């Protein structure tokens with residue numbers, strides 16, 4: 001894997017290192033002319049290595065000349081770079097070196113294996129330096145020319161230590177200076193109609209402002225998988241792993257660390273990121289053992305994010321694309337959404353970060369104060385409407401059809417590109433092993449499809465060998481998908497959603513119904529529901545084991561409890577429950593539960609505070625009783 005330091009060849013020893021290695025691997029029969037040619041080539045590669053290690057932009061120019069050099073010397077250079085485990089990884093080198101990138105994966109590995117002896121000899125002459133600006137998370141792009149470096153200054157650049165970023169320069173400026181702002185054009189994506197069972201030639205650029213196909217179908221973002229497949233699974237795993245936890249713009253984000261699979265053509269300078277993603281995968285040890293007799297239960301805590309919900313994953317992609325469109329002089333006044341709380345919070349935060357106006361339609365008196373205050377604090381124009389979410393959704397569609405306001409709801413498929421990275425992250429956190437089950441709360445139903453899409457993409461590109469079984473969990477008071485599933489996927493009917501503590505999924509006419517059905521049918525999936533009592537009890541039980549769950553996570557946990565009780569999910573299965581929001585956004589529901597102030601709910605796991613007189617004896621009596629002391 002990748003180390004933390006860049007490398008530099010010590011002084012004038014660089015040619016000597018490779019020459020010594022050559023005596024071990026080159027044939028002694030070669031004539032003097034051939035040996036002289038070898039030495040010249042080796043010297044060129046030594047200079048290139050030095051340039052790379054110092055973060056020099058000249059390395060890019062040197063690498064573009066490798067098409068004229070023998071493969072043997074390319075392999076030596078690759079081996080030298082990789083043997084030290086520095087940030088400039090073998091995989092990034094393959095991506096930027098024109099000649100090696102055309103080799104088959106098998107041939108690439110043979111090149112690496114054939115030069116182990118030279119690598120071993122070179123290692124004793126290498127000094128560790130601070131991380132270089134040329135790295136796996138910041139691969140040099142062919143043809144970039146930010147600095148006008150001349151060959152006469154090569155030796156000076158090679159010997160100089162990499163400089164720290166100037167105090168008046170931020171990470172975006174640093175990326176721009178180093179030539180990392182220009183997009184790599186190797187990969188591409190486009191809009192196509194979501195019609196998985198029908199062939200169509202209809203397609204649109206991602207730079208077009210469009211939400212539905214000519215026939216009114218939803219759109220999907222389609223990636224050029226053939227281009228992505230030119231790089232094997234090992235390449236993608238190592239590239240994604242190398243970016244985790246870094247601060248290099250924009251790859252430190254859990255979403256943009258997968259940029260090539262999300263929005264490959266966007267300029268890094270247009271990206272609006274709050275370093276979202278990379279959320280905790282929590283081992284629910286006690287809850288799993290005591291409640292379910294499971295040893296391998298996990299909770300993907302997507303709510304541990306900037307605005308407290310998984311919606312950040314999609315909003316960074318959507319607002320980044322809007323930022324790009326506005327810079328392209330597209331006539332967009334702002335971005336609007338209908339919301340039950342979390343979408344508006346995410347949209348408002350990302351628009352505020354980018355300086356883009358946000359317009360939010362909220363159903364009056366149907367969301368928590370914590371959710372309402374977020375868009376207000378971030379400066380959004382908030383319209384509180386006397387209707388439910390479905391009514392807000394109808395109005396925002398009408399408004400965006402009349403005004404140049406970009407629609408940010410999951411009707412827009414760009415958000416799903418960010419949300420799918422949570423599925424990729426789960427595989428990554430399990431060291432690219434696939435869980436047996438993934439349980440996702442469902443309201444407007446875009447997220448269940450996003451998870452399917454992330455897993456499916458990993459499988460298509462060889463990173464995993466199967467797709468986990470998906471479960472969509474709905475509140476019984478807002479369960480149109482559950483009813484459709486129970487009817488054998490026949491005659492879908494929208495419903496009027498009733499009030500539920502899981503307010504973010506209180507949706508009776510989900511936009512992404514077709515996407516959700518496709519995801520479930522192609523993952524041997526299940527739909528389950530949870531009553532208000534079941535979801536609130538599940539929340540309380542989870543909290544008693546150290547979690548602090550939102551009601552939507554309670555829906556997913558209640559579904560898990562049912563499926564485990566019915567024997568559908570086995571004790572030995574590895575299951576992941578997706579937690580979509582932070583419990584701190586729903587504290588009132590917890591207060592009501594533990595105060596036993598919810599009508600028609602017994603609240604059997606309530607833990608109210610004990611009122612005690614200001615007296616030592618009274619306190620001791622309570623402690624003896626509650627702690628079973630004698």
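Just a few scattered comments:
- If R0 equals 30 Å, the separation of the Cβ atoms of residue 544 and residue 615 corresponds to a calculated FRET efficiency of about 0.55.
- Residue list for the range 379-396, given a label point 7 angstrom along the Cα-to-Cβ vector of residue 373 and an amide N cut-off under 15 Å: 379
- Convex hull volume per residue in cubic angstrom - Cα atoms of the range 196-259: 135
- Peptides 356-364, 427-435, 323-331, 339-347 ordered by packing proxy, namely the average of other Cβ atoms within 10 Å per residue, highest first: 339-347, 356-364, 427-435, 323-331.
- Per-pair calculated FRET efficiency, R0 = 45 Å: residue 365 and residue 330 via Cβ, rounded to 0.05: 0.80
- Simple spin-label estimate for residue 165 and residue 244 gives 2.2 nm between the two label positions (7 Å along the Cα-to-Cβ direction from each Cα).
- With R₀ fixed at 41 Å, the C-beta to C-beta distance from residue 587 to residue 491 puts the FRET efficiency at about 0.55.
- Ordering of 533-539, 310-316, 595-601 by burial proxy (mean other Cβ atoms within 10 Å per residue, highest first): 310-316, 533-539, 595-601
- Pair residue 498, residue 622: separation of 7 Å Cα→Cβ label points (nm): 3.7
- For the pair residue 224 and residue 565 in one chain, pulling the backbone fully straight at 0.36 nm per residue adds 118.5 nm over the alpha carbon distance.
- For the peptides 366-377, 504-515, 395-406, 199-210, residues were scored by their other Cβ atoms within 10 Å and the scores averaged per peptide; the highest-first order is 504-515, 366-377, 395-406, 199-210.
- Modelled spin labels at residue 533 and residue 209, positioned 7 Å past Cα toward Cβ, are 5.1 nm from each other.
- Computed over the Cα atoms of the range 247-350, the ratio of the radius of gyration to the Kirkwood radius (Rg/Rh) comes to 1.10.
Only the coordinates and a few stated rules stand behind these numbers; no lab work does. In this text, all values refer to a predicted model and were calculated from it rather than measured experimentally. Glycine gets a Cβ as well: all are built from the backbone with ideal geometry, and neighbour counts include every protein chain shown.
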